[in-house]
Each structure stands twice: as structure tokens, then as C-alpha cells.
Amino acid sequence: MKVMIVVTHLLGTGHLSRALTLAKGFVQAGHEAVVVSGGVPVPQLDPGDAALLQLPALRSDGVNFAQLLTAAGNPVDDAMLHGRLDALLSVLDDQAPDVLLTELFPFGRRVLRAEFIALLEAAKAQDKPPLILSSIRDILAPPSKPKKAAFADEVVERFYDGVLVHADPMITPLELSWPVTEALAGRLRYTGFVAPPVADTPTKAGEGEVIVSAGGGDVGRGVFAAALEAAAGDRARPWRLLLGGADAAERCAALATEAADNVTIEPARPDFRAMLHNVAASVSLCGYNTALDVLQAGCPAVFVPFDAGNEVEQGIRARALTQQNGIAAIRSADLTPEGLLHAVQEVIAAPARAPMKAGLDGARETVRIVEHMFEARR
């Protein structure tokens, strides 16, 4: 099969990371896969043997996802949007995929609906239309208005053969965050969680440290500020702050002037997941990928769920995870240096938690489901 995955990450990098993990899963199973990315390039994410094609890049204006900006921070104009669409349709024509996956749409990215609808119409008009599937994470941003859920239902009914839900329905069924109608329920295919394989390269990086991260995007400033002060009260233990975003180097230099001598500050690292196996504790947001990284490593963790702009997805996930040993959550409104340090000390002292191993093979299960659906329609 030739598989084309279309994704545009606007703030963090989790959407692109998951799309690349799926693409590598298809390649490992002997298929061809190309990821078409419309967000800002993320150099630390490795596509492996999958192809990664870059559209003219967009990002959101912080948590205002209705305002699109160029990678340089300028408002997007019609000429750029037309250029993106032309490039996207050109890739569709060149690739002529057997399978087309749209990441998040139509359950999100409605600001790009014209682009996605044009892609879907063009795919349906091909001589041999591809199998069309939506690819979504465990927890979505709940629709603020009934018409948003109705829009998703209508688009799924019109264009899609199925919806791949990258979750375990016994842990996070889609109903936790989205109104699932009877028609939509019949199209859902749960894959389990999509996590990259555990790093098998031995490393001592991060050993005994408290690692503070916020994904690969330009978020988490409040977490980093609180962590700097918390680390100053914990001089016997090394702390490491990993900053994402295009301006990570500049922000690292600025924060370094405020840091105690037990703090290392650097841009986000590609070996972050391997480091988690060695840390004293992790402090992070609670995005899909980071949460899975923490569960796979089995490390003590303090989550500060991202909730700016009325975002609730990470809070739902964090509350579910605090039922496990060595995991705590702090709302951003309650975050203080003292509270953060206390939470870090508590999770370190908590009973050990075994690394999670079952239910994380969502990429392989996605391939199996897609292969079965593709063969069934031939």
C-alpha cells in the first residue's frame, strides 16, 4: 500500500510526532508512507525511512487557533493558503495513495477546513479513490457548540471510511471528550496507544536529574519559571530544563542568567525519551506523547496540564493518570515553586511504578486495521 498522512501541528509537536510514528509503522510493515506536514518544521523529530514533505508552514497565534500565522509570525494571506493547497493537491496527484489519513480533521483544525475539504474532494474524484481515514488521539478538545460535532459527523459520513482512535477504550473512550453518535460509533476503530518503541541504546543521560520539559513547541513558560525557583531550593539534586520552539536557544540563554548552579538549560533533545529511564523525576505538560513517554519509562512524574485558552484535553488525561503510583498533577493556576518542589519530592518518595508495556503498540495495530480495511474493499 501507498499511505499518505496529512498533518498540520499549530502549537506543540505531538500531532506530527504521532503521524511520523504511524508512518514508520507502515514502512516497517513493507508499505510506502509519506507524511505531508503543514506546521513549522521540527528538526528533532526523525521520520526514519518514511518520506516527510513540507508545505508552506503555519502556526497558531499562541492558543488562538483561529488566527493563523506564518512561521515568521506574520498573518497568513490568501496567496499563502492557495500555495499550500496547490502543493497539497500536487502531492496527492503525484503519490496517488491507496490510503489517505487526515490527522485530527474533521474533529479539529476546522480553521483549515477549506484545505482539507478540497483534499478530500480531490481524493474522492481520483480514478481509484483511496481508503480515507481520520486519525485522532485519545482525548479531543470537546466541541464548544453542537454545530462543531455536527460538522464532524457530516464530513465523516460524506468522505471517510473510518476513524482511527489511538487509545484503549477501557482507559480513555472517545466519549470522555466527544459526543459519539450511533453513526459515528460504527466507524470508530480503536488501535491502542501509539508510542514509539522504547529506546534500546544504553545511555546515562539524565541520570538522577529532575527533567523539566514542555514538548517541542513554544509553550510551558510558567512551568519553566516555577522550576527555576524550585531547583534553587533543591541544590543537592541536578535539574535540567529542555525548551522547545524555534527560539529555544535564545530563551535558554535568557533563563540561564537566572538559574542556580544545579540547573542545566538547553533546547529539546532527540534522546529525551531515553533520558526518562534514568531520571529522578519528570516535570512536564500532559500531552499525548509525553504522557506515554512517562508511562513507558515508569519514572516519577509531575504533570502541569496545558490549560490556556480553555483547553481541557490535558487536564482530563492528567486526572486519569494520577491514579497511578508516583504521578501527581498541578493545575497551572495552582502552580508555585514551593508546590512544584513538594510534588517532585512526593513522587520520588512514592512506591515504584512498573513501566507500562501493554497497549502501546498502536502503530502496529493501526497498520493491521488499515491493511484489513484496504483488502476488504478491493
Answer from ASP168, ASP138, ASP127 - the residue that is closer than 28 Å to LYS2 by Cβ, under 21 Å from the mean Cα position of the chain (by Cα) and modelled with pLDDT under 95 = ASP138
note = Flagged in the stretch 272-307 as aliphatic (A, V, I, L, M) and closer than 20 Å to PHE193 by Cα, in numbering order, are ALA274, LEU276, LEU285, ALA291, LEU292, VAL294, LEU295, ALA297, ALA301
message = I'd like to verify a number: residues in the stretch 101-123 that are in a helix (DSSP H, G or I) and open to solvent by 10 Å² or more (accessible area, probe 1.4 Å), how many?
response = 9
remark   = Just one listed residue, out of THR336, THR290, THR264, is open to solvent by 40 Å² or more (accessible area, probe 1.4 Å) and touching a strand residue (DSSP E or B) at 6+ places or on another chain (Cβ under 9 Å), and it is THR264
message = Pairs please, first residue from the stretch 124-145 and surrounded by fewer than 16 Cβ atoms within 10 Å (Cβ to Cβ), second anywhere and among the acidic types (Asp, Glu), Cβ atoms under 9 Å, 6+ apart in sequence or on different chains.
response = GLN126/ASP93; LYS128/ASP98; PRO142/GLU313
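How about the stretch 90-100: which of its residues are touching a helix residue (DSSP H, G or I) at 6+ places or on another chain (Cβ under 7 Å) and either in a helix (DSSP H, G or I) or open to solvent by less than 10 Å² (accessible area, probe 1.4 Å) (or both)? Give the steps one after another, and end with the answer.
The first filter runs over the stretch 90-100 and keeps only residues touching a helix residue (DSSP H, G or I) at 6+ places or on another chain (Cβ under 7 Å), leaving 92, 98-100.
Selection gives LEU92, VAL99, LEU100.
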key: When residues of the stretch 45-70 are limited to those that are farther than 17 Å from LEU22 by Cα and assigned to a loop (DSSP other than H, G, I, E, B), the one least open to solvent (accessible area, probe 1.4 Å)   = GLY62
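Can you spot a residue in the stretch 17-28 that is out of contact with any Phe, Trp or Tyr (no Cβ under 8 Å at 6 or more places or on another chain), open to solvent by 50 Å² or more (accessible area, probe 1.4 Å) and part of a loop (DSSP other than H, G, I, E, B)?
So far as the stretch 17-28 goes, no, none of its residues is out of contact with any Phe, Trp or Tyr (no Cβ under 8 Å at 6 or more places or on another chain), open to solvent by 50 Å² or more (accessible area, probe 1.4 Å) and part of a loop (DSSP other than H, G, I, E, B).
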key: Looking only at the stretch 206-223, and only at residues there that are more than 20 Å from the chain's Cα centre (by Cα) and buried (at least 16 other Cβ atoms within 10 Å of the Cβ), the one that is farthest from ALA72 (Cα to Cα)   = GLU209
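The values are calculated or read from the model by the stated rules, or taken from the named source; none is laboratory data. What you see is a predicted model; the values in this text were computed from it and never measured. Note that we place each Cβ from the backbone using ideal geometry, even for glycine, and neighbour counts take in every protein chain shown. With ligands, DNA and RNA removed, areas are computed over all heavy atoms of the protein, side chains included. Shrake-Rupley method; radii C 1.70, N 1.55, O 1.52, S 1.80 Å.
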